[in-house]
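One structure below.
The values are calculated or read from the model by the stated rules, or taken from the named source; none is laboratory data. Here the structure is a predicted model, which means the values were calculated and not measured. Positions of Cβ are backbone-derived with ideal geometry, glycine not excepted, and every protein chain shown enters the neighbour counts. What goes into the accessible areas is simple: the full protein's heavy atoms, side chains included, and nothing from ligands, DNA or RNA. Shrake-Rupley method; radii C 1.70, N 1.55, O 1.52, S 1.80 Å.
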Amino acid sequence: MDSSEKLIIKTLLYSDIFDFPLSEEEIWKYLICEKNVSEKHFANRIKKINSVVFRKNNYLFTTNRESIVKKRLKRTKESKIKLEIAQKIIRKLFLIPTVMFIGISGNLSMLNSEKKDDIDIFVIVKKNKIWITRFFLIAMLKFMGVYRKRGEKEVSNKICLNMLVDEANLKLSPNLQNLYTAHEVSQLMPIRERKGIYKKFIESNSWIYDFLPNIKEEINKREVRRHTDKFFEKLFSVIMLIPSLEFFARAFQLHFINKNKTSETVSNNFLAFHPRDYKSEILLQYNKSLLKYGLS
């Protein structure tokens, strides 16, 4: 197989980990490569490839994976229901004036969620307000009865505060700059923002194009709903400026976080809550697949 075919298979092997067959267009957008591949060249290669790639209902997948096409169609239907729920909740969360952006991450961002799954959200917060913002987010989600608690088993449509980032430190640290995180950032579904922060976040993390260069065009086309502050939110923002609130919110939350800490990342400008190290698990599985197909 030539180099173009190898890139196509590598891309399918990654999505295969998530039981997620891809259309030709999706393969091009998320093509794992070092530099941009023209759509014309890609179209010529994808039509001819047939070594270990199969097709059904306009989706492509690797050997013996035909069943995941039906799975994707079912998950798409479930995901659309979840998306409506998530959008309503996110709109309410913007009552907190220090929330600058909320997007949907994880499986739901690709419409690949099952009915039993929770909803992962990614949040950008106002400078130096990460702890007080998280405090009020949790309080609101608990009030609505949709907060996913640690160790909870029945999590369908519960909201998981997957990651919180300070607007002053938008660029993710070097140890997170890998294929897994590049997918997470590029697949992030932007829902609502203040002051155009989503574009700044993407620009600050342009390293994602080192892994997925073709996705740049789609990301640049994405639109995010701008939030207009109401009188109550403006008044609330004045209260949130009290410096001691951030200090006490941090101390209070760290008391509980440190009791059960596993693989979470905790700092004053970045919070990531993953009890399991999915990044390492996914990349290990991907590398094993590459070895199996002689593509490492």
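Cut-off 19 Å, label point 7 angstrom out along Cα-to-Cβ of Ser267: give me the residues of region 120-141 whose amide nitrogen falls inside. Only 122-134 fall inside the zone, counting backbone N under 19 Å. The residue among Pro97, Ser173, Phe270 whose Cα reaches farthest toward the positive pole of the charge dipole of the chain, with charges on the beta-carbon of Lys, Arg, Asp and Glu, is Pro97. Comparing the chain with the 2.2 N^0.38 Å rule of thumb, its C-alpha radius of gyration ratio is 1.06 (two decimals). Leaving out ligands, DNA and RNA, what percent of the accessible area of the chain is carbon and sulfur, probe 1.4 Å? Answer for the chain: carbon and sulfur cover 54 percent of the accessible area.
For the chain, the mean residue ellipticity at 222 nm estimated from helices alone is -14000 deg cm²/dmol, where every DSSP H run of n ≥ 4 contributes -39500 (n - 2.57) and the total is divided by all residues, rounded to the nearest 500.
Rg ratio for region 246-294: its Cα radius of gyration over 2.2 N^0.38 Å, N being its residue count, equals 1.71.
Across the alpha-carbon atoms of region 1-88, the computed radius of gyration and Dmax are 14.3, 48 angstrom. The stretch between Ile85 and Ser3, if pulled fully straight at 0.36 nm per residue, gains 25.3 nm over its current Cα-Cα span. Kirkwood's formula applied to the C-alpha pairs of region 151-296 gives a hydrodynamic radius of 18.3 angstrom.
Our estimate of slack between Val155 and Phe231, defined as 0.36 nm per intervening residue step minus the Cα-Cα distance, is 23.9 nm. So, counting K/R as plus one and D/E as minus one, what does the shell of residues with Cβ under 15 Å around Ile208 add up to? After counting each charged neighbour, the total is +2.
Using the Cβ of Trp28 as centre and a radius below 13 Å, the other residues enclosed give a net charge of -1, where K and R count +1 and D and E count -1. Here, region 66-162 is characterised by an Rg to Rh ratio of 1.02, where Rg is the alpha-carbon radius of gyration and Rh the Kirkwood radius.
Ratio of Rg to Rh for region 182-239: 1.12 [Cα atoms; Kirkwood radius as inverse mean 1/r over pairs]. Pairs over the 23 Å Cα-Cα cut-off, from the set Lys6/Lys216; Lys259/Lys288; Lys127/Lys200; Lys116/Lys261; Lys10/Lys71; Lys126/Lys171: Lys259/Lys288; Lys116/Lys261. Between Lys216 and Glu34, the contour length at 0.36 nm per residue exceeds the alpha carbon distance by 64.2 nm. Taking the C-alpha atoms only, the angle from helix 243-257 to the longest principal axis of the chain is near 60 degrees. Taking the empirical scaling 2.2 N^0.38 Å for compact globular proteins as reference, region 155-195 has a Cα radius of gyration ratio of 1.38. Computed from Cα positions, the angle between helix 130-144 and the longest principal axis of the chain comes to roughly 90 degrees.
The modelled label-to-label distance for the pair His41/Asn57, using points 7 Å beyond Cα in the direction of Cβ, is 3.3 nm.
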